[in-house]
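*Asks:* Structure incoming, see below.
Read-outs throughout are calculated quantities, based only on the coordinates presented, and are distinct from any laboratory measurement. This one's a predicted model, so the numbers in the text were calculated from it and none came from an experiment.
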Amino acid sequence: MVFDGQNFERARGEARRARVAIGIGIRRLRMTEEEETELKIQLERLRQEHRDLDAAIEALQAVPGVDLIQVQRLKKRKLILRDRITFIEDQLTPDIIA
């Protein structure tokens, strides 16, 4: 694309609108104290469930003749919880733009 005066002004305007849209998006992403508190409560509940699953898996594996499918289901649930925990932690951790 050749940048003559008209194309340059159009590109500059689009860049400006993109910066404004990003700024608006950042403002929308900020959460209230109430939302942050709710996320922290949910995070602690998920961490406790993750610890409980870990203990249950260990207990089941210690028993001879354990149902391996049940253990695999618990492990899968534990991984899903880990993903949700990580997601919430990322939401609570502010982005640092270098």
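*Asks:* By how many nm would the segment from GLU36 to ARG51 grow when fully extended, if each residue of separation counts as 0.36 nm and the alpha-carbon distance is taken off?
*Replies:* 3.1 nm
*Asks:* OK, next. Ordered by residue, what ³J(HN,Hα) values in Hz, to whole numbers, does region 61-78 give under the Karplus form 6.51 cos²θ - 1.76 cosθ + 1.60, where θ = phi - 60° and Gly and Pro are x?
*Replies:* Taking θ as phi minus 60°, the curve returns 5, 7, 8, x, x, 5, 6, 5, 5, 4, 4, 5, 5, 5, 5, 5, 4, 4 Hz for region 61-78.
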